[in-house]
Amino acid sequence: MDNPSKGPGGSFIEGENPSDPAMVWSTLMHWLVAAREQISEDQARAAVEWISETLGVSHDDLLYAAGLIGHPDSPNVTLNEGMEHFGGDPITFVLYMLLLSGALVATVGDGDPEWLRQFDLHD
């Protein structure tokens, strides 16, 4: 898609109350990295498997982002190298962070999105 703001969820990026892309990025990043400190490797594996099996997303692609949650089979790459795997597109990488966040809610948080709130950034 040439302009992701024109696709589904475009009102999230544009509109009367657009979201701050940097805040979205930092919130997702913080949730995942903070969750890594509390979840096991098996739970990280289960989250990736859940996405792959439920949504049909490539397991190998998921591993490039799953290092954020401590997946033991993730390649040892920097954040920039991980983004390069997705064509250097930060929106694509944000999508993978969002998928991982949802998968952690589904597999570790018993389906309760409030589970992520324990990792919120605090003032």
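The values are calculated or read from the model by the stated rules, or taken from the named source; none is laboratory data. Remember, predicted model here, so these are calculated numbers, not experimental data. Neighbour counts run over all protein chains shown; Cβ positions are idealised from the backbone, glycine included.
Quick look at the values:
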read-out	value
Residues being touching a helix residue (DSSP H, G or I) at 6+ places or on another chain (Cβ under 6 Å) and not β-branched (Val, Ile, Thr) - total across the stretch 28-72	20
Test: residue in the stretch 10-21 that is surrounded by 13 or more Cβ atoms within 10 Å (Cβ to Cβ), at pLDDT below 95, assigned to a helix (DSSP H, G or I) and aliphatic (A, V, I, L, M)	yes
Flag for GLY82 being in contact with a helix residue (DSSP H, G or I) (Cβ under 8 Å, 6 or more places away or on another chain) and surrounded by fewer than 18 Cβ atoms within 10 Å (Cβ to Cβ)	no
Close pairs (6 angstrom Cβ cut-off, 6 or more residues apart or separate chains): over 16 Å from LEU99 (Cβ atoms) and in contact (Cβ under 8 Å) with a residue 12 or more places away in the chain in the stretch 25-46, polar (S, T, N, Q) and in a loop (DSSP other than H, G, I, E, B) anywhere	none
Residue match in the stretch 77-87 (condition: at pLDDT below 90, hydroxyl-bearing (Ser, Thr, Tyr) and either within 18 Å of ARG117 (Cα to Cα) or under 11 Å from the mean Cα position of the chain (by Cα) (or both))	no
Residue in the stretch 54-73 that is at pLDDT below 95, aromatic (Phe, Trp, Tyr), under 19 Å from SER101 (Cβ atoms) and surrounded by 14 or more Cβ atoms within 10 Å (Cβ to Cβ) present	yes
Residues of the stretch 47-78 classified as aliphatic (A, V, I, L, M) and free of Cβ contacts under 8 Å to residues at least 24 places away in the same chain, total	2
Evaluation of MET97 against (1) in contact with a Leu (Cβ under 6 Å, 6 or more places away or on another chain); (2) modelled with pLDDT of 95 or more (one fails), failing number	(2)
Index of the failed condition, ASP42 passing every other in (1) among the charged types (D, E, K, R); (2) closer than 25 Å to LEU121 by Cα; (3) modelled with pLDDT of 95 or more	(2)
